[in-house]
Amino acid sequence: MENIFEDKNLLGNRRTNNIFKDKNPLDHRFLPDKLLHRDQQIREIAKCWVDVLGGVTPSNVTLYGKTGTGKTAASQFAGEQLSEVADKEDVFVKVEYIRCTDFTTEYQVISRLCNRLGRDVPNRGWTKAEVINTFDDIFKRPRIDKGALHLIVILDEIDILLNKDGDGILYTLTRTENVSVLLISNYLDFKNMIKSRVNSSLNDKEIVFPPYGADQLLDILSERAKLSFHDNVLEDDVIPLCSAMAAKEEGDARYALDLLKNAGELAFDEFSEKVTGDHVKRAKERIEHSKVSEILSTLPFQQQRVLEAILTLTKQKEEITSGKLYEAYTEISKKDAVTYRRIFDFITELELLGIISTKTISRGRGKGRTNIIKLQCDETLLETALYTI
């Protein structure tokens, strides 16, 4: 077989790229030299951490905010700046970033930290107590050349770890000498998963990250575009359009960057000399289809049926109450339908995924309150995705 990478019909990096000069700045994980419109939040993090330069364990911190509001970037940016000053002042400080989608148990997190700090710990095979004792021992035996170690652990998407493995990781870290944590979550109520004794030792400072406005997103995209695209390839309406669309998605900078990147890739694939507003609109359709398809493919079968019922009622222009939804769902599911109470769990989970929204309204005196459910993704995209799983 001919090597696929030698196929002349394959659109790849070997032909001249007249659109991109570097895609990396359009990745949400890219950390720029300056983080626009997050000065206040970075300074608040710094206020909590500055004591460590004097040998004092800093305060614990929690960052709240919706996806794409700069929480991860701000914490990593502050961490890099702290490490830079600590090196200059010869203070032994380490800032370690852990994404809780990759490390989902206390054992995995502690073993990862041990390995990052120079102690070999296997990914499995030891007891949890052995791993914790090894971690604790790191702080009881200061290095002669550097003195006592102070560690700041950034736990991104902490709610995922708490939901799977409980709050043992927070108990361990907050009770270890010279260790503090910075927690990142999209959900204000994640602390409901933390026991009171752990919450007490956490004693954190909370920092809220508001959504970006359209003008702020425009600034961010303009800076990244200078790094990513060749000169004069973006038509004038491209960045404003990406910014406006992302502002409607609750100020999500990740979404804005994805739009701009996908628009550029469409232009590249079509051998276009310019990235246009039409490319942005088609990029939006591509992203939404991918998002819906990915989410649906991971949903349990019964949740897919609930979504099918919501779609049916939406197409019928019905106001969707919990009662009407259950009727439509049981009609689809027949004999293997789950209970009415279980449907509420499904609704909550689908809302967290951003596929639906719920709003509680009052029906007036004596009629009580009702939940109204609305679809938050395109009907055609959802229908296509549901019937191609």
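Every read-out reported here was derived from the displayed coordinates using simple, explicitly stated rules and does not represent laboratory data. Because the structure is predicted, anything quoted here is derived from the model rather than measured. Methodologically, a virtual Cβ is constructed for each residue, glycine included, from the backbone with ideal geometry; neighbour enumeration extends over all protein chains shown.
Is the shape of the stretch 39-208 rounded, prolate or oblate, going by the alpha carbon gyration tensor and its root eigenvalues a ≥ b ≥ c, with a/c under 1.5 for rounded and a/b larger than b/c for prolate?
Values: a/c = 1.65, a/b = 1.04, b/c = 1.59.
Oblate, since a/c reaches 1.5 and b/c is not below a/b.
Using alpha-carbon pairs under 8 Å, 6+ residues apart, how would you state the relative contact order of the chain in percent? Intermediate values should be presented prior to the final figure.
On the way: 543 pairs, mean separation 69.0, N = 389.
Computed value for the chain: 18 percent relative contact order.
How high is the relative contact order of the stretch 162-292? Use alpha-carbon pairs under 8 Å, at least six apart in sequence, and give a whole percent. Write down the numbers at each step before the final one.
Details: 111 pairs, mean separation 26.2, N = 131.
Reported relative contact order: 20 percent.
In whole Hz, what ³J(HN,Hα) sequence does the stretch 301-307 give by Karplus (6.51, -1.76, 1.60; θ = phi - 60°), x for Gly and Pro?
Running phi through 6.51 cos²θ - 1.76 cosθ + 1.60 with θ = phi - 60° gives 4, 5, 5, 4, 5, 4, 5 Hz.
Can you return the lysines within cross-link range of Lys261? Criterion is Cα-Cα under 24 Å, with same-chain partners fewer than 8 residues away left out.
Result set, ordered by chain and number: Lys21, Lys23, Lys34, Lys66, Lys71, Lys226, Lys248, Lys274, Lys281, Lys284, Lys291.
Using 7 Å Cα-to-Cβ label points, what is the Lys88/Asn3 separation (nm, one decimal)?
The two pseudo-label positions are separated by 4.8 nm.
Under 25 °C and 0.890 mPa s, how fast does the stretch 300-386 diffuse according to Stokes-Einstein, given a Kirkwood radius computed over C-alpha pairs? Answer in µm²/s, whole number.
Stokes-Einstein gives a translational diffusion coefficient of 185 µm²/s.
With both bridge residues required to lie in the chain, what share of the DSSP beta bridges run antiparallel, to the nearest 5%?
If I count the DSSP bridges inside the chain, around 35 percent turn out antiparallel.
Would you kindly state how much longer the chain becomes between Leu227 and Leu188 on full extension, computed as 0.36 nm times their sequence separation minus their alpha carbon distance, in nm to one decimal?
Contour length minus the Cα-Cα distance gives 10.6 nm.
Would you pull out the residues with amide H under 5 Å of Ile372's amide H, same chain only if 5 or more places away, H placed 1.01 Å from N?
Answer set, sorted by chain and number: Lys359, Thr360, Ile361.
Given the rule -39500 (n - 2.57) for each run of at least 4 DSSP H residues, summed and divided by the residues of the chain, what is its mean residue ellipticity at 222 nm, to the nearest 500 deg cm²/dmol? Numbers along the way, then the final one.
On the way: 15 runs with 188 residues, N = 389.
My calculation for the chain gives -15000 deg cm²/dmol from helical runs alone.
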